[in-house]
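To start, the structure under review is shown below, and the notes come after it.
Here, each number is a calculation from the coordinates, and none is a lab measurement. Not measured: the values here are computed from a predicted model. Every residue, glycine among them, receives a Cβ derived from its backbone with ideal geometry; neighbour counts consider all protein chains shown.
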Amino acid sequence: MKKVSLDVWIQLIGMLGVLGGLVALIIELNQSQRLSQASAYQARNSEIQEAQRELALSEDFAEILQKFDSQGVDSLTLGERSRVVAWHSAMQWRMQGQFYQYQQGFLEEAALEQTLNDLASGIYQKWEELDLTERIQPFEWKQRIRDRLGQN
């Protein structure tokens with residue numbers, strides 16, 4: 001009778017070990033998927049930042065941004081406006097990417113707070129002038145921005 005009881009205990013311990021292994025595997029797969037998504041998001045952001053860097057390094061772009069900052073969107077030619085919109089759109093994608101990284105637990109709260117501070121210090125107002133605020137995604141990010149700006 002003890003032998004049967006010992007066999008039952010061994011089987012139970014074995015099943016618990018298999019169950020524990022499956023739980024560990026599921027957790028590992030979930031983390032791997034999150035890391036893969038974050039990596040893909042980061043790769044896309046890197047491409048956008050590279051395009052933004054090329055745009056910023058053009059000789060006349062600093063003057064165009066200064067013109068936009070001091071005289072407003074109506075002072076820009078169509079070509080200049082397109083370049084400023086491209087610049088701010090890329091900035092939007094980068095900030096949305098940072099929020100995604102934050103949601104996934106790969107970015108600290110302090111970094112997200114700095115991004116929100118940057119938006120509140122005038123960037124969001126520029127996005128309004130350029131009609132870019134409706135493109136902000138996801139809804140949770142848009143809500144965090146509105147909360148910071150007091151636009152509940």
Mind listing P(r) for segment 7-98? All alpha-carbon pairs, 10 Å bins, whole percents. 14, 26, 17, 12, 10, 9, 6, 4, 1
Checked against the positive end of the charge dipole of the chain (+1 on Cβ of Lys and Arg, -1 on Cβ of Asp and Glu, about the Cα centre), the farthest of Leu119, Phe106, Ser46 is Phe106
Taking the simple approach of a point 7 Å from Cα along Cα-to-Cβ for both Leu6 and Glu59, what is their distance in nm? 8.9 nm
The alpha-carbon center of segment 104-149 and that of segment 49-65 are separated, in whole Å, by 22 Å
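Can you give the calculated 222 nm mean residue ellipticity of the chain, where each DSSP H run of n ≥ 4 adds -39,500 (n - 2.57) and the sum is split over every residue, rounded to the nearest 500 deg cm²/dmol?
-27000 deg cm²/dmol
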Note the full-extension length gain between Arg34 and Ile13 as 0.36 nm times their separation in residues minus their Cα-Cα distance, in nm to one decimal. 4.4 nm
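Would you please name the GluC sites (Glu not before Pro) within segment 88-152 that are DSSP coil residues with at most 12 other C-beta atoms within 10 Å of their C-beta? Before the final figure, lay out each step's value.
On the way: sites: Glu108, Glu109, Glu113, Glu128, Glu129, Glu134, Glu140; in loops: Glu108.
Those satisfying the criteria are Glu108.
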Stretched out fully, how many nm does the piece from Thr77 to Glu50 gain, at 0.36 nm a residue minus the Cα gap? 7.3 nm
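Considering only DSSP states other than H, G, I, E and B, which GluC sites (Glu not before Pro) in segment 1-100 qualify as loop sites with at most 11 other Cβ atoms within 10 Å?
Values: sites: Glu28, Glu47, Glu50, Glu54, Glu59, Glu63, Glu80; in loops: Glu59.
Here the sparse-neighbourhood loop sites are Glu59.
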Extending each Cα 7 Å along its Cβ direction at Gln42 and Phe106, get the distance between those two points in nm, one decimal. 0.5 nm
Shape metrics for segment 49-141, restricted to C-alpha atoms - Rg then Dmax, Å: 14.1, 42
By the scheme Lys and Arg +1, Asp and Glu -1, what is the net charge of all other residues having a beta-carbon under 14 Å from that of Pro138? +2
Report the extension gain between Gln137 and Leu149 in nm, rounded to one decimal, defined as 0.36 nm multiplied by the number of residues separating them, less their alpha carbon distance. 2.7 nm
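Dipole magnitude of the chain about its Cα centre, charges +1 at Lys/Arg Cβ and -1 at Asp/Glu Cβ only, in debye to the nearest 20?
Details: 15 positive and 21 negative charges, 184 e Å.
Once rounded to the nearest 20, the dipole reads 880 debye.
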